Amino acid sequence: MAIRLGDTAPDFTAETTHGTIRFHEYLGGSWGMLFSHPKDFTPVCTTELGQVARLKPELDRRDVKIIGLSVDPVADHRRWASDIEETQGVALNYPLIGDPDRSISEAYDMIHPNANDTLTVRSVFVIDPDKKVRLTLTYPATTGRNFDEILRAIDSLQLASRHGVATPVDWRPGQDVIIAQSVSDQEAQERFPGYRTIKPYLRVTKAPG
Ligand code: BEZ
């Protein structure tokens, strides 16, 4: 069954390049990013896994635990890792799940049979500290993802969680944010003094925090 926003991220125990991992235990009280790639020893995936390794300090700064997955076995992930380091100039620094029986891929609906009946699509799940799924994204095998956009979305999600604000189109950290419609004008005055009303439903304020 498809995983929807607000659902609890299914727990699982998996073999990974970092040993056996129990997913919820691995996440602890942190945020998480679970992402799948279709196949080891393929070009787009090689670039994506290198880029995620490069961005790990940014994900650490946001307290996001990373974990990747494909239906290939862990032994293949380990052999491929040296190619990633050689070609992308960065070593894998997060666990990769081997899911040859596809149990996790199926639990997360990562196999879309009309696209490919055996390989996972490029899925991303951002999970909050309560283990709720807060963002999902699905790309096809031929399109590498933009992980800067995922970082930007995580910044937005974390602001929403901490301060009850929303972020407008193409928002970047540091830019003004939108006060949620659930916040009354009186509460907005107390929490966001000096906020601007463009329309009664469109109130903006400096990014808190
Ligand atoms: C790739 O990563 O390049 C790729 C993987 C599976 C199918 C097509 C492309």
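The values are calculated or read from the model by the stated rules, or taken from the named source; none is laboratory data. Being a predicted model, the structure only gives us computed values, none of them experimental. Don't worry about glycine lacking a Cβ; one is built from the backbone with ideal geometry, like all the others, and counts go over all protein chains shown. Surface areas here come from the heavy atoms of the whole protein model, side chains and all, with no ligands, DNA or RNA. Shrake-Rupley method; radii C 1.70, N 1.55, O 1.52, S 1.80 Å.
Across the range 102-138, what is the total count of residues that are assigned to a loop (DSSP other than H, G, I, E, B), among the charged types (D, E, K, R) and over 29 Å from A160 (Cα atoms)? Before the answer, list the steps.
If we filter the range 102-138 for residues that are assigned to a loop (DSSP other than H, G, I, E, B), which is where we start, we get 102, 108-121, 128-131.
Then keep just the ones that are among the charged types (D, E, K, R); that gives 102, 109, 117, 128, 130-131.
Among the residues that remain, those that are also over 29 Å from A160 (Cα atoms) are: 102, 117.
Number of matching residues: 2.
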>> Residues that are within 15 Å of the chain's Cα centre (by Cα) and more than 16 Å from the ligand (Cβ to nearest atom), at least 1 per element: which helices (runs of 4 or more DSSP H) completely within the range 1-94 meet that?
In response: 23-27, 43-61
> If only one of T136, T120 is touching a residue at least 24 places away in the same chain (Cβ under 8 Å), more than 16 Å from the ligand (Cβ to nearest atom), under 23 Å from A9 (Cα atoms) and in contact with a strand residue (DSSP E or B) (Cβ under 8 Å, 6 or more places away or on another chain), which one is it?
Replying inline: T136
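I'm checking my understanding of the structure. Among residues of the range 137-187 that are of a type in the set (S, T, Y) and loosely packed, with under 12 Cβ neighbours inside 10 Å, which one is nearest to I198 (Cα to Cα)? It would help to see each step written out before you state the result.
Residues of the range 137-187 that are of a type in the set (S, T, Y), as a first pass: 138-139, 142-143, 156, 161, 167, 182, 184.
Then drop every residue that is not loosely packed, with under 12 Cβ neighbours inside 10 Å, which leaves 142-143, 182, 184.
Details: T142: 42, T143: 38, S182: 17, S184: 15 Å.
It comes out as S184.
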> Within the set of pairs 6+ apart or on separate chains, which have a first residue in the range 186-203 that is closer than 16 Å to P168 by Cβ, a second that is open to solvent by 100 Å² or more (accessible area, probe 1.4 Å) and of a type in the set (K, R), and C-beta atoms under 7 Å apart?
Replying inline: R203/R196
>> Every residue in the range 87-118 that is of a type in the set (D, E) and closer than 29 Å to E58 by Cβ, please.
In response: D99, D109
